[in-house]
Number of protein chains: 4
Amino acid sequence: MKVGLVGFGRTGVKVASVLLQSKETYLEWVLRKSYRLEHRSVGEFLGIETDEPGLIYSVQDISIDTLLDLQPVDIIIDFASEEAIYNYGDAAAKRKVRILSAVSHYPPETIQKLKELAKETVVFWSPNITLGINYLIVVAKYLKKIAPNVDFVIVEEHFKEKKEVSGTARVIARELGLDENEIKSIRAGGIIGIHEIICGFPYQTVRLIHESVSREAFGNGAIFVAKNLMNKEPGFYQFEELLLPYFSM
Amino acid sequence: MKVGLVGFGRTGVKVASVLLQSKETYLEWVLRKSYRLEHRSVGEFLGIETDEPGLIYSVQDISIDTLLDLQPVDIIIDFASEEAIYNYGDAAAKRKVRILSAVSHYPPETIQKLKELAKETVVFWSPNITLGINYLIVVAKYLKKIAPNVDFVIVEEHFKEKKEVSGTARVIARELGLDENEIKSIRAGGIIGIHEIICGFPYQTVRLIHESVSREAFGNGAIFVAKNLMNKEPGFYQFEELLLPYFSM
Amino acid sequence: MKVGLVGFGRTGVKVASVLLQSKETYLEWVLRKSYRLEHRSVGEFLGIETDEPGLIYSVQDISIDTLLDLQPVDIIIDFASEEAIYNYGDAAAKRKVRILSAVSHYPPETIQKLKELAKETVVFWSPNITLGINYLIVVAKYLKKIAPNVDFVIVEEHFKEKKEVSGTARVIARELGLDENEIKSIRAGGIIGIHEIICGFPYQTVRLIHESVSREAFGNGAIFVAKNLMNKEPGFYQFEELLLPYFSM
Amino acid sequence: MKVGLVGFGRTGVKVASVLLQSKETYLEWVLRKSYRLEHRSVGEFLGIETDEPGLIYSVQDISIDTLLDLQPVDIIIDFASEEAIYNYGDAAAKRKVRILSAVSHYPPETIQKLKELAKETVVFWSPNITLGINYLIVVAKYLKKIAPNVDFVIVEEHFKEKKEVSGTARVIARELGLDENEIKSIRAGGIIGIHEIICGFPYQTVRLIHESVSREAFGNGAIFVAKNLMNKEPGFYQFEELLLPYFSM
């Protein structure tokens with residue numbers, strides 16, 4: 001599976017490192033905004049020995065059409081910003097290159113754009129692409145079906161400086177039909193990220209907990225998704241659709 | 001749903017209390033070994049106001065055939081000992097009364113007996129009948145399918161005096177294909193019962209935790225199972241079979 | 001140590017059970033409001049074999065002066081209501097009988113009354129008399145001295161029906177100089193009671209957690225306190241004063 | 001407080017970063033084994049703007065006597081290997097430069113060497129220099145004094161590849177007088193490091209938990225220790241001695 005990565009910020013770098021070390025993906029190139037590091041390779045930059053090219057290009061210097069013709073890929077993985085899709089989207093769709101976006105937020109018109117591209121190619125979007133979080137959302141929803149009267153409370157813990165309520169916690173709340181009051185946000189020290197779904201029964205408690213160890217988790221999530229997109233027809237996909245088949249086996 | 005309860009020990013009493021207070025079950029009678037409390041009712045004994053009979057009988061004083069003719073039930077719920085099935089099993093099967101056993105251990109020949117009775121009526125057995133534990137086992141197995149390389153470790157915490165490894169933890173280990181070395185048993189103070197399945201990924205950790213608050217949880221589990229058995233054909237059922245349909249909806 | 005127990009409600013009964021089974025206390029009597037159970041003994045009522053009298057009296061039937069003369073005690077343990085002290089306080093103080101109150105709330109004028117009684121005898125009051133909670137408060141305060149910049153957040157979990165914020169959590173917040181916004185209250189199912197003090201450092205997290213298993217914990221706390229009051233001079237004491245000596249050894 | 005750092009491996013680099021960004025320390029130099037990076041500065045290497053020199057020297061190129069004369073420091077912080085003390089120890093002691101070693105293990109003869117150096121200068125050694133762990137050990141020991149019958153169990157969780165039992169867990173066990181059987185080691189995925197001391201009472205449970213977020217925690221621990229050593233007389237110190245004064249205030 002040949003991969004092109006768009007975005008090389010704090011998360012993008014970690015994702016690139018995971019892609020480079022995975023035997024399931026072959027990292028052709030990284031496309032980033034700034035000039036810095038151009039023409040170097042990810043392997044050299046991160047000190048990882050590899051025979052995958054992983055060349056670093058700047059959007060200021062190469063057009064996406066040229067890049068896709070020069071070094072074709074099976075899938076573009078996007079950890080950049082909400083505008084990036086307007087740069088690479090059409091060129092990818094035209095060539096049936098799959099699009100996997102892990103951008104954390106899109107305005108409605110960009111989601112519309114994704115859906116248009118999905119007429120031509122496979123388009124996937126998830127604002128939190130870790131396997132663990134998405135798994136917990138799915139199984140918590142099943143628990144709600146099994147035991148409709150269970151009390152759900154969501155606790156999310158993050159570092160002191162994080163101002164707003166965790167976006168992931170809000171997605172969990174929405175998926176479980178909970179009011180945002182049922183999200184308890186804890187801010188203390190340097191906690192990377194913990195999400196807990198407390199499921200209260202009259203005489204027992206179930207706790208579903210996700211703890212982030214590091215941003216590389218996004219890279220592993222992206223690989224899981226990419227593999228599951230390979231055999232899909234053009235269309236717009238979200239994480240839950242990729243997980244559900246595992247539950248009906 | 002008319003219920004007869006077999007067994008009125010420490011757990012049986014709690015289960016009776018839940019059955020009596022549930023609007024989904026109608027407790028006809030309790031059958032116990034000893035003479036004590038005979039002819040009193042569960043409601044009177046527990047100080048619960050109810051119009052359900054809940055009469056307490058002793059096996060020393062009434063035959064199960066007489067009892068089933070006198071006060072017929074839809075299901076027998078068994079929280080007694082491993083021999084009890086030999087007392088009521090045939091009489092129940094003959095009358096197509098469903099059998100729900102929550103006895104924690106049976107020798108192989110008794111399991112064989114259950115399966116023979118299952119030719120005539122619905123027979124269910126679960127050594128741990130809480131909804132929470134059985135839900136966690138099912139979803140942990142799904143996680144293993146989704147992410148075959150995840151590291152599973154089971155931690156179980158109980159009161160200091162509990163000698164052996166938790167039977168529930170051993171069931172979890174078996175279901176996940178784990179060696180018993182992967183069960184860590186903690187014995188301290190008066191902990192009622194905690195089971196945790198730690199699911200270790202390279203860059204994230206998922207924790208699936210069940211905490212027992214009190215033995216009444218068994219009563220709620222029994223009601224959930226009983227409801228799900230009402231529309232079943234004769235046969236031998238276990239908890240997982242009742243849960244799986246919720247996951248393919 | 002001869003003990004008289006005032007109050008025989010839901011918590012009082014559990015405390016009586018612990019006192020009766022402890023070798024460190026000798027339960028002379030229980031004084032309660034209602035007539036029910038009068039002249040029976042705690043041992044008989046709870047089905048505990050013992051040679052301690054544990055006679056159950058009603059305030060409607062015997063004066064506290066008569067009771068203290070008839071069956072003198074070293075300490076009165078009060079798990080009743082906020083008015084009870086006005087019934088037994090003066091009679092106890094006059095006889096130098098120690099007073100240990102675990103009543104959860106007193107109006108200011110009753111606290112004043114306690115302090116007046118403390119001129120004559122040893123008077124102790126704690127609104128949460130478990131050893132675990134009081135230990136955690138003391139050690140969290142030490143942590144604040146050691147690392148003044150640590151971020152503290154208090155999480156308390158209780159059963160769904162509990163309306164108000166946990167009084168214990170409010171005491172913890174006050175002792176740590178925290179705003180009540182730093183208390184996160186979780187209400188779900190039948191959780192008995194969990195208090196967690198999260199201590200966030202830039203690169204590490206310390207968690208101090210207390211989990212209640214059952215109300216008997218109050219009995220053990222009362223015994224710990226009673227023992228520590230035996231050699232004290234008349235005066236007004238709180239839990240922290242009894243714990244601090246252990247920290248300077 | 002002028003600091004010289006010995007060791008610039010995986011942990012040393014993180015500690016250097018914390019020292020450089022702390023207003024309480026002034027990083028004069030780093031001394032490392034290899035030639036790599038020589039004459040560069042820590043600030044330049046880590047991309048941190050600073051006016052602290054933080055020059056990187058190699059032991060192959062400069063003698064410690066020359067270095068200490070050229071760029072004198074108040075304290076040497078050692079995150080290198082167990083042999084490093086033989087390189088810088090005598091030179092430091094002669095100049096009354098304090099020595100703070102965070103090396104995780106020393107053979108008995110090296111501990112003897114530390115104690116000899118301690119006749120001349122302040123020498124401190126701690127195999128785990130995080131504030132959180134040392135705080136938990138101290139407060140757990142106090143709990144044992146307060147409640148001698150509490151059941152202690154230690155749980156330590158680390159990444160799958162970690163072979164041996166955590167050295168920190170063994171220190172906790174030794175300090176609490178526990179058998180090593182009371183340490184439960186969990187190995188799963190990429191868990192950085194969690195240590196939990198479970199304190200079981202008959203009717204309540206106290207949990208004292210330490211979670212590592214990143215190696216920088218060692219840097220903050222070193223700063224805490226360094227500050228507390230500034231006003232000390234020559235002698236051999238361990239972490240507990242620095243913490244105890246906070247508990248008698």
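I need the full set of residues from region D:58-97 which are part of a helix (DSSP H, G or I) and free of Cβ contacts under 8 Å to residues at least 24 places away in the same chain, in order please. Give the derivation first.
At the first step, the residues of region D:58-97 found to be part of a helix (DSSP H, G or I) are D:64-70, D:84-94.
If the condition is that a residue be part of a helix (DSSP H, G or I) and free of Cβ contacts under 8 Å to residues at least 24 places away in the same chain, then D:THR66, D:ASP69, D:LEU70 are the ones that fit.
Among the residues making up region C:98-122, those that are more than 23 Å from C:TRP29 (Cα to Cα) and free of Cβ contacts under 8 Å to residues at least 60 places away in the same chain are C:TYR106, C:PRO107, C:PRO108, C:GLU109, C:THR110, C:ILE111, C:GLN112, C:LYS113, C:GLU116. A single member of C:ALA169, C:ALA217, C:ALA188 is over 25 Å from A:ILE197 (Cα atoms) and aliphatic (A, V, I, L, M), and it is C:ALA217. Take A:LEU244 and decide whether it is closer than 27 Å to B:PRO245 by Cβ, touching a residue at least 60 places away in the same chain (Cβ under 8 Å), away from chain C (no Cβ under 14 Å) and under 19 Å from the mean Cα position of the chain (by Cα). Criteria met by A:LEU244. Of the residues making up region A:212-233, not a single one is more than 19 Å from B:GLN204 (Cα to Cα), touching a helix residue (DSSP H, G or I) at 6+ places or on another chain (Cβ under 6 Å), touching a residue at least 60 places away in the same chain (Cβ under 8 Å) and of a type outside the set (Val, Ile, Thr). When the residues of region D:15-45 are filtered to those that are in a strand (DSSP E or B) and of a type outside the set (Ser, Thr, Tyr), the one that is farthest from D:MET230 (Cα to Cα) is D:ARG32. Please tell me if B:ILE56 is surrounded by fewer than 20 Cβ atoms within 10 Å (Cβ to Cβ) and either in contact with a helix residue (DSSP H, G or I) (Cβ under 7 Å, 6 or more places away or on another chain) or not assigned by TED's automatic domain parsing to the domain that holds B:GLU116 (or both). Here the answer is no, as B:ILE56 does not meet what is asked. Answer yes or no: is there a residue in region C:103-111 that is outside the structural domain of C:ASN228 (by TED's automatic domain parsing) and charged (D, E, K, R). No; the residues of region C:103-111 include none that is outside the structural domain of C:ASN228 (by TED's automatic domain parsing) and charged (D, E, K, R). Right, A:SER185: in contact (Cβ under 8 Å) with a residue 12 or more places away in the chain, outside the structural domain of A:ILE64 (by TED's automatic domain parsing) and over 30 Å from B:ASN128 (Cβ atoms) or not? Judged against the criteria, A:SER185 is a match.
Let me confirm something: among C:GLY4, C:GLY12, which residue is in a helix (DSSP H, G or I) and of a type in the set (Gly, Ala, Ser)?
Numbers: C:GLY4 fails: in a helix (DSSP H, G or I).
Every option except C:GLY12 fails the conditions.
Which ones in region B:188-231 are β-branched (Val, Ile, Thr) and either in contact with a Ser or Thr (Cβ under 9 Å, 6 or more places away or on another chain) or not assigned by TED's automatic domain parsing to the domain that holds B:PHE159 (or both)? Passing the criteria: B:ILE191, B:ILE192, B:ILE194, B:ILE198, B:THR205, B:ILE209, B:VAL213, B:ILE223, B:VAL225.
Select, from C:LYS184, C:LYS162, the only residue that is in contact with a Lys or Arg (Cβ under 7 Å, 6 or more places away or on another chain) and either at the interface with chain A (Cβ under 10 Å from one of its Cβ atoms) or on the phi > 0 side of the Ramachandran plot (or both).
Numbers: C:LYS162 fails: either at the interface with chain A (Cβ under 10 Å from one of its Cβ atoms) or on the phi > 0 side of the Ramachandran plot (or both).
Result of the check over C:LYS184, C:LYS162: C:LYS184.
For beta carbons closer than 8 Å, sequence separation of 6+ or different chains, a first residue in region D:130-143 that is within 7 Å of chain C (Cβ to nearest Cβ) and a second that is part of a helix (DSSP H, G or I) and among the small types (Gly, Ala, Ser), the qualifying pairs are D:THR130/D:ALA217; D:THR130/D:GLY221; D:LEU131/D:ALA217; D:LEU131/D:GLY221; D:GLY132/D:ALA217. Checked against (1) assigned to a helix (DSSP H, G or I); (2) closer than 23 Å to D:LEU208 by Cα; (3) over 15 Å from the mean Cα position of the chain (by Cα), C:ASN134 meets all criteria but (3).
Residues in region D:145-158 include none that are in a helix (DSSP H, G or I), of a type in the set (A, V, I, L, M, F, W, C) and either surrounded by fewer than 17 Cβ atoms within 10 Å (Cβ to Cβ) or touching a strand residue (DSSP E or B) at 6+ places or on another chain (Cβ under 8 Å) (or both).
Which residue, of C:VAL153, C:VAL213, is of a type outside the set (D, E, K, R) and more than 13 Å from chain A (Cβ to nearest Cβ)?
Values: C:VAL153 fails: more than 13 Å from chain A (Cβ to nearest Cβ).
On inspection, the qualifying residue turns out to be C:VAL213.
Among the residues making up region A:2-38, a single one is surrounded by fewer than 17 Cβ atoms within 10 Å (Cβ to Cβ) and among the hydrophobic types (A, V, I, L, M, F, W, C): A:LEU37.
Being in a helix (DSSP H, G or I), out of contact with any His (no Cβ under 6 Å at 6 or more places or on another chain) and surrounded by 14 or more Cβ atoms within 10 Å (Cβ to Cβ) holds for only one residue in C:LEU100, C:LEU114, and it is C:LEU114. Mind checking which residues of region B:213-230 are at pLDDT 95 or above and more than 12 Å from the chain's Cα centre (by Cα)? The answer is B:LYS227, B:ASN228, B:LEU229, B:MET230.
The values are calculated or read from the model by the stated rules, or taken from the named source; none is laboratory data. What you are looking at is a predicted structure, and each value in this text was computed from that prediction instead of being measured. Every residue, glycine among them, receives a Cβ derived from its backbone with ideal geometry; neighbour counts consider all protein chains shown.
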